[in-house]
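J.: Here it is: the structure, laid out below.
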Protein chains: 2
Amino acid sequence: MIPDCFLYLRLTLNMELSKLGEFGLIEHIRKMMMRRSPSVLLGIGDDAAALKFPASASVLATTDMLIEGIHFDLAYTDYYSLGWKSVAVNLSDIAAMGGLPRFCLTSLGIPPAISVEHVIDFYRGCNAALQAHQTILVGGDTCSSQQGIVISVTMLGETNRKREITRTGAKPGDRIFVTGTLGDSAAGLEILKSASKKGGARGEKNYLKRLTQKHLRPVPRIEWGRKIARSHCAHAMIDISDGLSSDLAHICEQSGVGAIISAEQIPLSRSLVMASSDLKKSKLDYALSGGEDYELLFTAPSGKVRNLHSLGIPLVDIGEITQTRKLSLVDSRGVTVPLKPMGYNHFARTSLSEVFKN
Amino acid sequence: MIPDCFLYLRLTLNMELSKLGEFGLIEHIRKMMMRRSPSVLLGIGDDAAALKFPASASVLATTDMLIEGIHFDLAYTDYYSLGWKSVAVNLSDIAAMGGLPRFCLTSLGIPPAISVEHVIDFYRGCNAALQAHQTILVGGDTCSSQQGIVISVTMLGETNRKREITRTGAKPGDRIFVTGTLGDSAAGLEILKSASKKGGARGEKNYLKRLTQKHLRPVPRIEWGRKIARSHCAHAMIDISDGLSSDLAHICEQSGVGAIISAEQIPLSRSLVMASSDLKKSKLDYALSGGEDYELLFTAPSGKVRNLHSLGIPLVDIGEITQTRKLSLVDSRGVTVPLKPMGYNHFARTSLSEVFKN
């Protein structure tokens, strides 16, 4: 955030949204989020933004919609975290291509009774996530909504032409890697829901806080995605938004292959292990079917494993891509069982909370 | 629409959305909307689309959100028109920059009970508007919504670097032009609302149909916007989405100038004139404060008027940009009166129906 906008914030913070009006709000946000960059030929406030990309770049574009009551619940998320997460999940899609995020457009549908402080908190959260990755807000839309908050974020990024890593390149024999612990976010969501039912007391245990933090403020793996792309080692990549089993299934389906992963190898955080007794499902269930960890999952030939380990990313090898087009799990007893994709599927009334998809 | 997708449509048209599921729906839409283009390195179905723009181009980006009950009412719009319009209003923003639309991302939040036929009709409408302007759907998001339909469209376009026409360049002495008749869309909306109250009978009068059509299926002025840009005559341009008085106010505010327009010069359609007795407000009120006509408004020095008239666009000169920073209207009696911006402002509880803003 640019320093002088704090003053501006104080001046208008007590105004009701209905007094500020749409154009007042847009102007407020414009001042709060303004960044000068030679790449932004025209930013917020005209009919469209005008942007400059390097001549050799491919432009990456992804968008996600978040709807109150479906993707989030204000009983257990604050507005700042909501802004952060709305941006972070889109940044994560750019990370999954090995790309560099550049520009963002954020639309917000706001129920008329909402306080202007909350709207500004939302944009402060967006701003923090954007600033953390040198990405600039260049446009968006604000409008009123009759029932609940609606958010839509579009992220534009860039990558060297034909160097983006898709979901379609996995090959039999490839090792399957993930960039961090899984299941934390879904466990964090359960903790938040349970605390909300009990009247908001989430407890003071650090391991619970770490899990809820993973759910509320996910960290997109931009730098790691770019390192993996630059290494030229990965055949296919995705970010784990729907859940390990679902996202691995996407890679396999789109690459025309199968996979076998080992339950024992799936990285679990110490916090998740410590929280086990507080949770309804097994640690492994959270890791397999809990979405929104936003770690990267990618496949690479086994000959490249040494190069990968020199990248300085905490990679974990969880299994192998197979010719046979099915998903299997070697469980903790060493028995191979079918692995069903168990992430969230809108309209199908299945489990868990959220899904984002370009 | 590509011919072979009709077969695919027939095969799945009777499935319920809950059976088809999110991924089934995405696959369905992908097949329906698929276009091959050397500019689309990677289209629908990965974490992000990868797109190629000419090295010398600026990338234009704009986004709009449409929420049921705020921006549209299913009592008087069909799903096909809703899809058409969601895309058209974003195309219009690219037109207002003098740009060429290239790629589109469309997100849709759908109440679970909605029929798959309606969802597909919506995308057919999107598809028709995109095809009419050689623009390609490259991504989006589909998710469930608890209450009502939510739509977010992002449009990416291109323009020769620094040739985009902004809102900030209007100069005192510039003539003010519009590209077509005004007030039709707002009058059309009133006719639709009134017919909806009477149980759907809109009558068979052609002039009423033409007005409702202008509201439901606006035509973005892409070709005209590009011609105006190529002529290098225009100092500032905007599309009339909020209403003539509001959008002229945007130009004036952002250019630091004022304007005086003549009521007698504002172009009114024969349909609007014929419908006058069916409507609650005066023709001029619709033209001044009725939004969503999606005609272009631009300013140009008077010395360039002859060049402009050779472009083959039905331009109408409605007034002049002034040094004094106020808006005035010369009314039909020749009396100069202040002109108040009267378009829709979300959160301010003013008049009319809709607003779109980058």
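The values are calculated or read from the model by the stated rules, or taken from the named source; none is laboratory data. Computed from a predicted structure; not experimentally measured. Note that we place each Cβ from the backbone using ideal geometry, even for glycine, and neighbour counts take in every protein chain shown.
J.: Report yes if A:ALA249 is crowded, with 16+ Cβ neighbours inside 10 Å, over 27 Å from A:LEU82 (Cβ atoms), modelled with pLDDT of 95 or more and in the same structural domain as A:ASN307 (by TED's automatic domain parsing), otherwise no. Talk me through it step by step, then tell me what you get.
T.: Details: crowded, with 16+ Cβ neighbours inside 10 Å: yes; over 27 Å from A:LEU82 (Cβ atoms): yes; modelled with pLDDT of 95 or more: yes; in the same structural domain as A:ASN307 (by TED's automatic domain parsing): yes.
When the stated conditions are applied, A:ALA249 passes them.
J.: Might you check whether a residue that is facing another protein chain (nearest Cβ under 7 Å), at pLDDT below 95 and closer than 24 Å to B:LEU91 by Cα occurs anywhere in the stretch A:36-43? Lay out the reasoning, then the answer.
T.: First, pick out the residues of the stretch A:36-43 that are facing another protein chain (nearest Cβ under 7 Å): A:41-42.
Still in the list and also at pLDDT below 95: A:41-42.
Pick out the ones that are also closer than 24 Å to B:LEU91 by Cα and you get A:41-42.
Yes, the stretch A:36-43 contains at least one residue that is facing another protein chain (nearest Cβ under 7 Å), at pLDDT below 95 and closer than 24 Å to B:LEU91 by Cα.
J.: Identify, from the list A:GLY109, A:GLY139, A:GLY83, A:GLY98, the residue that is buried (at least 24 other Cβ atoms within 10 Å of the Cβ), in contact with a Leu (Cβ under 6 Å, 6 or more places away or on another chain) and touching a residue at least 12 places away in the same chain (Cβ under 8 Å). Working first, answer last.
T.: Numbers: A:GLY109 fails: in contact with a Leu (Cβ under 6 Å, 6 or more places away or on another chain); A:GLY83 fails: in contact with a Leu (Cβ under 6 Å, 6 or more places away or on another chain); A:GLY98 fails: in contact with a Leu (Cβ under 6 Å, 6 or more places away or on another chain).
Matching residue, one of A:GLY109, A:GLY139, A:GLY83, A:GLY98: A:GLY139.
J.: Residues that are within 16 Å of B:PHE122 (Cβ to Cβ): list the strands (runs of 3 or more DSSP E) wholly contained in the stretch B:26-76 that include at least 3 such residues. Before the answer, list the steps.
T.: Values: elements: B:40-42, B:49-51, B:57-67.
The qualifying strands (runs of 3 or more DSSP E) are B:57-67.
J.: Of all helices (runs of 4 or more DSSP H) completely enclosed by the stretch A:139-245, which ones contain at least 1 residues that are within 14 Å of chain B (Cβ to nearest Cβ)? Let's see the steps before the verdict.
T.: Values: elements: A:184-197, A:206-216, A:222-231.
Once the helices (runs of 4 or more DSSP H) in the stretch A:139-245 are filtered for at least 1 residues that are within 14 Å of chain B (Cβ to nearest Cβ), what remains is A:222-231.
J.: Could you check the stretch B:285-336 and list, in sequence order, the residues that are surrounded by 12 or more Cβ atoms within 10 Å (Cβ to Cβ), of a type in the set (A, V, I, L, M) and out of contact with any helix residue (DSSP H, G or I) (no Cβ under 8 Å at 6 or more places or on another chain)?
T.: B:VAL305
J.: Surrounded by fewer than 24 Cβ atoms within 10 Å (Cβ to Cβ), of a type in the set (Ser, Thr, Tyr) and within 21 Å of B:HIS118 (Cα to Cα) - does that describe any residue in the stretch B:60-77?
T.: Yes, that holds for at least one residue.
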